[in-house]
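The structure appears below as structure tokens.
The values are calculated or read from the model by the stated rules, or taken from the named source; none is laboratory data. Just so you know, these numbers come straight off a predicted model, no measurement behind them. Because the Cβ atoms are built from the backbone with ideal geometry, glycine has one as well, and the counts that use them run over all protein chains shown.
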Amino acid sequence: MTTSDAIEKILSKLTLEEKAALCTGASSWTSVPVERLGVPPIFVADGPHGLRREVPDGGISAGSLPSTCFPTASLLAATWDVDLIREMGNAIAEEALAQNVDVVLGPGANMKRSPLGGRNFEYYSEDPFLAGEMAAAFINGVQSRGVGTSLKHFAANNQEFQRFTISAEIDERTLRETYLAAFEKAVKTAHPWTVMCSYNKVNGTLVSQNTHLLKEILKEEWGFEGVIVSDWGAVRDRVAALKAGLDWQMPGPVPHHVQSVVDAVNNGSLAMSVLDESVRRILRLVFKAQQTSKGGTFNADQHHELAHRIACEGMVLLKNNGILPLKGGEMIAVIGHSAENAHFQGGGSSHINPTRVANPLLELKKISPDAEFSFCEGYPSDDSGRPEMIQEAVTLALNANVALLFIALPTFKESEGYDRTDMQLTDQQINLIRAVSQAQPNTVVILNNGSPVTMTPWIDGVAAVLESYMMGQAGGAAIADILLGKVNPCGKLAETFPLRLEDTPAYLNWPGDAGSVTYGEGMYIGYRYYDARNMPVAFPFGFGLSYTTFEYKNPSLAKTTFKDIDGVKVSVDVTNTGSLAGKEIVQVYVHDHQSTLHRPQKELKGFAKLELKPGETKRVTIPLDFRAFTFYHPEHKQWITEEGKFDILIGASATDIRHTLTATLESTLNLPCILDNESTLNEWMSDRHGRQVLEPLYEMMVAELRQRFTGQDASQQSAEVGAAMGMNDVMDMMVDMPLVSILHWGPQIWGKTPEEMVDELLLKVKSL
């Protein structure tokens, strides 16, 4: 008997009450079993940067079993290493199997709309392409071991303020291109077992009840065959949620919701077929989970070392005046609470009980026995001002050759459950950095934070800055390795570090009020916004320093003219021109020369990570597929390409473009006509078929308008005279007028009413 047959047999034997119960949870972490039919429960556990498996029989706030705490998504994305993320997913799956977990609740693919997002550390990037690649890699890694994932939080969950009730007001194009694209990539290429809906509303409708998002887009358009599960407590109306496509409500039990489903089926307001489809999906999930044996152990040492490797790959060197790497044998003042108490993860549902924690100070001492270390805390764990601690730090720094300042953004500044109110470190930390760097020019700042902080008050005075994010349990060893030159830093930012909060795209639309937040910046978040504004930033998207240097030579395209369905491959030689081995991340952006709808100046569409010995050259080839050149057209209701020229930008960051190549795209799309009686002249001329039909009439229109505004026909009037009499201004004005309105200027020569003429033109277009 096939799995499908077995599921249908069970479905036929389930009572209505059992079906309704299966669509809710049995507890905080388990599904409802049906023992009489051999349907076991499945067990889920929090992720996404490690396993938070609650102790057996514990509630949602119970302690969790020891697991490897890997770096959070903010650092993971800075690795730009999909193979490494896949390896991490594989390790998390091993731990899930050992702890009898069927589904890991992760990854998070939401966009970093603002640096203030309290949960930004759980999310990958401000860029949907990079976020989608990371999420897909994680899912593939976990599910390759027979453990499921839950892609979250679908969708537009970009803030903690009123996250249970806020309505994200987003136009369809922005939604598709910015806030759904990473989810789409992960769903279509990695096929997560479940997708978790978010708490919030989108355009006035709770996501748990949003038919457009859950049913029309996720299930029907994207072909998602797994289970849509609610975030914990996100369901208000169980019947409405089922109709919208939400299969599984968590947590449970929720007896009154079960009864509401039973009542709705009995009174005919809910079709049994709708309930059956959700039950069918849940049973498929149960069968999948049972195919993999659970139990055993995992190698905690190996996983700790993997966490160490990932941390090394994702830390970003933001500034270095040559002081790093340290030479060894120095007198080193280590200052900062987080040097002894590593700040390696965020607060909330993703908080892991680590198997061990690498202490940064001890790790420094371990690999540099010849150095002389001194230590002081520098700042307290709370927000109090302690000038005596600053004075102690200054004294320590004065008596050393170099000062290492470990600065961690405290949990009361960022966590699940609340957003940040600013981008600043604490006042104590800012004053500490200023005082120490004034006393000791050789000051290195090591940051631990989940998202950008403002550095303007102090960065000019320090010698180096290492962004180590929330670095996971082995991050302390990674910091030591980078500072002392055992590892060459290679991480690059997956988000822009702005100069000020006021510069950020969503500043005027954050966090909303009166129950809604308007995404008024549209698609222009992150580097897209700063490009459009030509605005300086502290550190651009894709930026990161190394202890070596790289040169890009001999860029080329496989074709200079290509069909959209074929895509195009871009190649470039990368040479390590320094004296140390290192890794470089090559980034490829695309710029559309001209499009019907506005587009960002450039968009990331490909990348590759290379490891190079000193003097070594490697040629890298990066494919750009159909989607690399598309945009979502809300009237066509699909992703489209338009013929024309595209720049292919090869860079080391969003602002460090090394080479620009130009290619011509040939569109293969035969788009239906979307012209109507209100379409503008510009819209007619931008439509391939519309232009073809209108062109014979267009010259007559121009001639008639010339006659009206200049009193001269084409044979009499020179271009200079036309311009002087405002003819160009008139035509510029007419471009955005409805064609029917323009035709009203000359009804005496057309012989028909403008409305009749437009109707005839539309018939001709639709016949092509």
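With more than 27 Å from Pro66 (Cβ to Cβ) and under 31 Å from the mean Cα position of the chain (by Cα) as the only criterion, which of Ile282, Ile332, Ile323, Ile352 stands out? Lay out the reasoning, then the answer.
Details: Ile332 fails: under 31 Å from the mean Cα position of the chain (by Cα); Ile323 fails: under 31 Å from the mean Cα position of the chain (by Cα); Ile352 fails: more than 27 Å from Pro66 (Cβ to Cβ).
When all the criteria are applied, what remains is Ile282.
For (1) at positive phi; (2) small (Gly, Ala, Ser), each residue gets a yes or a no:
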position: Val207; (1), (2): no, no
position: His212; (1), (2): no, no
position: Gly223; (1), (2): yes, yes
position: Gly226; (1), (2): no, yes
position: Arg238; (1), (2): no, no
position: Ala244; (1), (2): no, yes
position: Pro255; (1), (2): no, no
Test Ala300 against the stated conditions and say whether it is more than 30 Å from Asn448 (Cα to Cα), of a type in the set (Gly, Ala, Ser), in contact with a Lys or Arg (Cβ under 9 Å, 6 or more places away or on another chain) and surrounded by fewer than 19 Cβ atoms within 10 Å (Cβ to Cβ).
no
If a residue must be over 21 Å from Val103 (Cα atoms), part of a loop (DSSP other than H, G, I, E, B) and touching a residue at least 60 places away in the same chain (Cβ under 8 Å), how many such residues does segment 4-27 contain?
1
Going by the conditions given, is Glu502 surrounded by fewer than 20 Cβ atoms within 10 Å (Cβ to Cβ), over 17 Å from Tyr179 (Cβ atoms), within 23 Å of the chain's Cα centre (by Cα) and not β-branched (Val, Ile, Thr)?
yes
Mind checking which pairs have a first residue in segment 747-768 that is over 12 Å from Leu697 (Cα atoms) and polar (S, T, N, Q) and a second that is assigned to a helix (DSSP H, G or I) and modelled with pLDDT of 90 or more, Cβ under 8 Å, 6 or more apart or different chains?
none
Could you please find all residues in segment 641-677 being touching a Ser or Thr at 6+ places or on another chain (Cβ under 9 Å) and surrounded by fewer than 19 Cβ atoms within 10 Å (Cβ to Cβ)?
Glu643, Gly644, Lys645, Asp647, Leu661, Thr662, Thr664, Glu666, Ser667, Thr668, Leu669
In the set Arg691, Arg708, which member is at pLDDT below 75 and either assigned to a helix (DSSP H, G or I) or closer than 22 Å to Gln594 by Cα (or both)?
Arg708
Yes/no for Gly108 being more than 30 Å from Glu611 (Cβ to Cβ) and buried (at least 24 other Cβ atoms within 10 Å of the Cβ)
no
From the list Val394, Val402, Val436, which residue is out of contact with any helix residue (DSSP H, G or I) (no Cβ under 6 Å at 6 or more places or on another chain), more than 30 Å from Ser350 (Cα to Cα) and assigned by TED's automatic domain parsing to the domain that holds Ile332?
Val402
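Looking at this structure, is Thr443 polar (S, T, N, Q) and touching a strand residue (DSSP E or B) at 6+ places or on another chain (Cβ under 9 Å)?
Criteria met by Thr443.
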Could you tell me whether segment 262-277 includes any residue that is buried (at least 22 other Cβ atoms within 10 Å of the Cβ), touching a Lys or Arg at 6+ places or on another chain (Cβ under 6 Å) and in contact (Cβ under 8 Å) with a residue 40 or more places away in the chain?
yes
Going by what's in this entry, would Tyr530 be described as out of contact with any Asp or Glu (no Cβ under 6 Å at 6 or more places or on another chain), in a loop (DSSP other than H, G, I, E, B) and not acidic (Asp, Glu)?
no
Among the residues of segment 139-158, are any within 13 Å of the chain's Cα centre (by Cα), more than 22 Å from Ser230 (Cα to Cα), small (Gly, Ala, Ser) and modelled with pLDDT of 95 or more?
no
What about Gly38, is it more than 29 Å from the chain's Cα centre (by Cα) and at positive phi?
yes
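So that you can scan it fast, the table gives a plain yes or no per residue for (1) closer than 17 Å to His636 by Cα; (2) in contact with a Cys (Cβ under 9 Å, 6 or more places away or on another chain):
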residue: Ser653; (1), (2): no, no
residue: Thr664; (1), (2): no, no
residue: Thr668; (1), (2): yes, no
residue: Ile674; (1), (2): yes, no
residue: His689; (1), (2): yes, yes
residue: Gln692; (1), (2): no, no
Within segment 419-445, the residues that are within 22 Å of the chain's Cα centre (by Cα) and surrounded by 18 or more Cβ atoms within 10 Å (Cβ to Cβ) are Asp419, Arg420, Met423
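Mind checking which strands (runs of 3 or more DSSP E) fall wholly inside segment 600-642 and carry at least 2 residues that are closer than 23 Å to Asp573 by Cβ?
The strands (runs of 3 or more DSSP E) meeting that bar are 603-612, 617-624.
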It is to be established whether one or more residues within segment 243-250 are crowded, with 19+ Cβ neighbours inside 10 Å and either within 20 Å of the chain's Cα centre (by Cα) or closer than 21 Å to Asp171 by Cα (or both).
yes
How about segment 543-589: which of its residues are under 18 Å from Leu649 (Cβ atoms), more than 28 Å from the chain's Cα centre (by Cα) and not in a strand (DSSP E or B)?
Ala558, Lys559, Thr560
Is there a residue in segment 89-97 that is touching a residue at least 40 places away in the same chain (Cβ under 8 Å) and among the β-branched types (Val, Ile, Thr)?
yes
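Quickly run through segment 542-583 and pick out the residues that are of a type outside the set (A, V, I, L, M), under 19 Å from Lys486 (Cβ atoms) and surrounded by 14 or more Cβ atoms within 10 Å (Cβ to Cβ). Reasoning before the result, please.
Initially, segment 542-583 is screened for residues of a type outside the set (A, V, I, L, M), giving 542-544, 546-556, 559-564, 566-567, 569, 571, 573, 575-579, 582-583.
With the extra rule that they be under 19 Å from Lys486 (Cβ atoms), the set shrinks to 544, 546-548, 576, 578-579, 582-583.
Matches in segment 542-583: Gly544, Ser546, Tyr547, Thr548, Asn576, Gly578, Gly582, Lys583.
Identify the residue in segment 452-499 that is at positive phi and buried (at least 24 other Cβ atoms within 10 Å of the Cβ) and, among all such residues, is farthest from the chain's Cα centre (by Cα).
Of the residues in segment 452-499, the ones at positive phi are 469, 472, 485.
Still in the list and also buried (at least 24 other Cβ atoms within 10 Å of the Cβ): 469, 472.
Working: Tyr469: 16, Gly472: 20 Å.
Only one residue fits best here, namely Gly472.
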Output for segment 1-38, where each listed residue is surrounded by fewer than 16 Cβ atoms within 10 Å (Cβ to Cβ) and of a type in the set (Lys, Arg):
Lys9, Lys13, Arg36
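Matching residues to (1) surrounded by fewer than 18 Cβ atoms within 10 Å (Cβ to Cβ); (2) farther than 16 Å from Met196 by Cβ:
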| position | (1), (2) |
| --- | --- |
| Trp222 | yes, no |
| Asp231 | no, no |
| Val235 | no, no |
| Pro255 | yes, yes |
| Val258 | no, yes |
Members of segment 567-605 that are more than 15 Å from Gly644 (Cα to Cα) and without any contact (Cβ under 8 Å) to a residue 60 or more places away in the chain
Lys569, Ser571, Asp573, Val574, Thr575, Asn576, Thr577, Gly578, Ser579
Residue match in segment 403-417 (condition: surrounded by fewer than 24 Cβ atoms within 10 Å (Cβ to Cβ) and at pLDDT 95 or above)
no
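From the residues in segment 113-129 that are touching a strand residue (DSSP E or B) at 6+ places or on another chain (Cβ under 7 Å) and assigned to a loop (DSSP other than H, G, I, E, B), which one is surrounded by the most Cβ atoms within 10 Å (Cβ to Cβ)?
My answer is Asp127.
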